[in-house]
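A short worksheet on the structure shown next.
The values are calculated or read from the model by the stated rules, or taken from the named source; none is laboratory data. These numbers come from a predicted model, not from an experiment. Please note: Cβ atoms are built from the backbone with ideal geometry, for glycine as well, and neighbour counts cover all protein chains shown.
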Amino acid sequence: MTETATAPDTLVGGGDQPNLYIGGKWVAPHSTKRLEVVSPATGQKVGSAPDGDATDVDTAVKAAKAAFDSGVWRSKSPAERAAVLRKAAELLNERQADVTALISAEMGASAADVATLQMLPGTGVLNSYADASDAYQWEEKRTGLFGETIVVREPVGVVGAITAWNVPLFLVCNKLGPALAAGCSIVLKPAPETPLDANLIAEIFTDAGVPEGVVSVVTGGLEAGQALVEHPDVDKITFTGSTAAGKIIASRCGELLKRYSLEMGGKSAAIVLEDVDLPSSVHMLVFSGLLNNGQACVAQTRVLVPRSRHDEIVEAMVETAKTFTPGVPSDPEAKLGPIITEKQRDKVEGYIKKGKDEGATAVLDGGRPEGLDSGHFVAPTIFTGVTNDMTIAREEIFGPVISVIPYDTVEEAIAIANDSDYGLAGSVWTSDIDKGVEIAKQVRTGTYGINWYAIDPASPFGGYKTSGIGRENGREGLESYLEHKAILMPMGYSSQG
């Protein structure tokens with residue numbers, strides 16, 4: 001692998017990226033294959049990146065291990081590492097226009113969506129991990145059966161991070177943030193659909209003060225991901241993506257006794273109570289199901305409504321959803337972007353057909369919007385007459401499709417919400433906040449919202465059941481990148497005297 005002297009000229013706004021960003025330097029890849037990046041909004045090519053292979057992964061992991069073993073990063077104080085994270089957040093904000101242009105080119109998101117769904121939470125988690133690091137008790141003394149023990153927390157080692165395509169900036173920050181705060185080195189493999197932005201973000205972290213060798217990006221597909229999971233010098237895998245892929249990764253990590261954390265799918269339920277203030281709630285309720293064009297693992301795509309107010313709520317939801325018009329990123333009137341690929345759009349449309357075939361009624365049947373034939377667009381669809389055993393109520397669609405399910409009692413609504421293989425997110429909509437908290441404690445999900453939904457960067461995020469293993473964000477997210485070591489002091493020793 002040959003080192004190059006300069007970065008590519010096309011990092012911002014797309015373009016062909018000929019090299020890999022390994023350990024803070026641009027190097028020529030071993031692989032000769034390429035990932036072609038096509039805008040899902042226009043159908044036009046916006047760039048390409050190396051389709052890294054196992055040799056490229058090995059080069060990146062060796063750089064990460066050498067940096068970790070040298071102590072160039074892990075030996076810095078937690079306060080010094082936290083300062084770099086804050087600086088990276090600051091630089092991301094300064095370069096927001098560049099980052100947004102690149103992400104919009106890759107995934108078709110508008111500048112407003114990038115700002116709200118990626119930049120704000122991305123910089124938010126970096127600052128929150130810095131805060132968690134500052135507040136964390138990295139070393140403590142305990143007195144037990146044999147006297148005094150010093151308990152220290154140390155970085156797990158080399159981290160392999162595999163991310164999804166739906167909110168790439170946020171996901172990259174939520175991998176780099178805790179790994180770097182803990183003192184780890186990290187090799188990132190972004191999704192093949194959105195491989196370009198990770199390089200720009202990694203460069204920003206280097207500019208913020210991350211030393212050579214600590215951060216690498218290997219763009220690629222299945223081979224690169226498998227090589228990262230299998231590599232003997234990778235101490236932990238962190239994965240965000242589909243449940244099917246997560247199960248494979250968990251199985252292999254179990255065989256290798258490799259640490260791992262998984263953030264996977266969801267089929268979240270929004271429970272609307274009879275006392276809901278509908279005029280003030282309906283827009284956020286619909287937005288919670290359609291955010292990022294439904295391409296969000298936390299989307300509230302099952303809306304459970306009291307039968308007594310069913311028609312009123314559905315009518316309000318339909319009228320609101322009609323205002324969520326799809327369009328290209330440059331269209332100031334557009335509220336939704338495209339589906340990421342033609343294959344994924346076909347999958348979404350297949351689910352819509354399946355819903356109709358199984359007896360649900362599409363009271364809003366979005367279909368493909370006119371005038372956007374060059375992109376992969378689907379307008380919002382809302383189903384009624386849905387029962388919780390239907391395919392559209394069981395499986396994650398990852399598109400702008402909401403299923404409305406009626407209930408008669410709150411207990412029935414809670415049972416329906418819990419009758420899912422997933423347990424990532426959820427919400428309750430009510431004028432009685434205490435009642436909302438009571439319901440939240442009964443629904444088996446990792447996060448929950450009352451009268452809205454968001455991921456708080458200072459609080460743990462993760463799933464029950466097949467939605468994942470482990471937690472991100474806050475102190476809990478930091479701890480998942482740490483080992484705990486007990487140092488037993490001599491019998492009779494006391495640090496107090």
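A quick yes/no check of all residues on (1) among the hydrophobic types (A, V, I, L, M, F, W, C); (2) under 21 Å from residue 398 (Cβ atoms):
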{"position": "290", "(1), (2)": "yes, yes"}
{"position": "300", "(1), (2)": "no, yes"}
{"position": "313", "(1), (2)": "yes, no"}
{"position": "339", "(1), (2)": "yes, yes"}
{"position": "366", "(1), (2)": "no, yes"}
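Taking residue 436 as the residue in question, decide whether it is buried (at least 23 other Cβ atoms within 10 Å of the Cβ) and not β-branched (Val, Ile, Thr). For residue 436, the condition - buried (at least 23 other Cβ atoms within 10 Å of the Cβ) and not β-branched (Val, Ile, Thr) - is not met. Which members of region 51-90 meet the condition of being outside any helix (DSSP H, G or I) and either basic (Lys, Arg) or over 25 Å from the mean Cα position of the chain (by Cα) (or both)? Hits for region 51-90 are 71, 72, 73, 74, 75, 76, 77. Put simply, of 211, 190, 168 the only residue that is crowded, with 24+ Cβ neighbours inside 10 Å and in contact (Cβ under 8 Å) with a residue 60 or more places away in the chain is 168. Among the candidates 238, 219, the residue that is outside any strand (DSSP E or B) and either surrounded by fewer than 22 Cβ atoms within 10 Å (Cβ to Cβ) or touching a residue at least 24 places away in the same chain (Cβ under 8 Å) (or both) is uniquely 219. Criterion first (within 27 Å of the chain's Cα centre (by Cα), modelled with pLDDT of 95 or more, closer than 15 Å to residue 484 by Cβ and of a type outside the set (Lys, Arg)) does residue 156 satisfy it? Here the answer is yes, as residue 156 does meet what is asked. Checking each residue in region 161-183 for being more than 26 Å from residue 344 (Cα to Cα) and either in contact with a Lys or Arg (Cβ under 7 Å, 6 or more places away or on another chain) or modelled with pLDDT under 95 (or both) picks out 180, 181, 183. Looking across region 453-489, just one residue is without any contact (Cβ under 8 Å) to a residue 60 or more places away in the chain and of a type in the set (Phe, Trp, Tyr), and that is 464. Considering only region 400-433, state which residues are surrounded by 14 or more Cβ atoms within 10 Å (Cβ to Cβ) and in contact with a Pro (Cβ under 9 Å, 6 or more places away or on another chain). The answer is 400, 401, 402, 406, 407, 410, 413. Within region 398-433, the residues that satisfy the criterion of being farther than 24 Å from residue 461 by Cβ and free of Cβ contacts under 8 Å to residues at least 40 places away in the same chain are 409, 411, 412, 415. Just to be sure I understand, how many residues within region 334-365 are within 30 Å of residue 36 (Cβ to Cβ), more than 22 Å from the chain's Cα centre (by Cα) and not β-branched (Val, Ile, Thr)? Residues in region 334-365 being within 30 Å of residue 36 (Cβ to Cβ), more than 22 Å from the chain's Cα centre (by Cα) and not β-branched (Val, Ile, Thr): 6 in total.
Report the residue count in region 129-152 for those that are of a type in the set (S, T, N, Q) and assigned to a loop (DSSP other than H, G, I, E, B).
Adding up the residues that qualify gives 1.
Return only the number of the condition from (1) over 27 Å from the mean Cα position of the chain (by Cα); (2) surrounded by fewer than 19 Cβ atoms within 10 Å (Cβ to Cβ) that residue 384 does not satisfy. In the conditions (1) over 27 Å from the mean Cα position of the chain (by Cα); (2) surrounded by fewer than 19 Cβ atoms within 10 Å (Cβ to Cβ), residue 384 misses (2) alone. With respect to residue 130, is the statement that it is over 23 Å from residue 335 (Cα atoms) and either among the hydroxyl-bearing types (Ser, Thr, Tyr) or out of contact with any strand residue (DSSP E or B) (no Cβ under 7 Å at 6 or more places or on another chain) (or both) true? Here the answer is yes, as residue 130 does meet what is asked. Restricting region 13-43 to residues that are touching a strand residue (DSSP E or B) at 6+ places or on another chain (Cβ under 7 Å), under 18 Å from residue 103 (Cβ atoms) and not in a strand (DSSP E or B) leaves a set whose member that is modelled with the lowest pLDDT is 14.
Pairs meeting the criteria (first residue in region 37-54 and in the same structural domain as residue 227 (by TED's automatic domain parsing), second residue aromatic (Phe, Trp, Tyr) and buried (at least 24 other Cβ atoms within 10 Å of the Cβ), beta carbons under 9 Å, at least 6 apart or on different chains) are 40/377; 41/377.
Conditions (1) out of contact with any His (no Cβ under 8 Å at 6 or more places or on another chain); (2) over 28 Å from residue 394 (Cα atoms); (3) of a type outside the set (A, V, I, L, M, F, W, C); (4) outside any strand (DSSP E or B), marked per residue:
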{"residue": "417", "(1), (2), (3), (4)": "yes, no, no, yes"}
{"residue": "427", "(1), (2), (3), (4)": "yes, no, yes, no"}
{"residue": "436", "(1), (2), (3), (4)": "yes, no, yes, yes"}
{"residue": "443", "(1), (2), (3), (4)": "yes, no, no, yes"}
{"residue": "447", "(1), (2), (3), (4)": "yes, no, yes, yes"}
{"residue": "453", "(1), (2), (3), (4)": "yes, no, yes, yes"}
{"residue": "485", "(1), (2), (3), (4)": "yes, yes, yes, no"}
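Taking the criterion of being of a type in the set (S, T, N, Q) and either under 10 Å from the mean Cα position of the chain (by Cα) or closer than 14 Å to residue 477 by Cβ (or both), the residues of region 115-129 that qualify are 118, 127, 128. For region 255-302, a residue qualifies if it is of a type in the set (A, V, I, L, M), in a loop (DSSP other than H, G, I, E, B) and under 24 Å from the mean Cα position of the chain (by Cα), and the qualifying residues are 264, 296, 298, 299.
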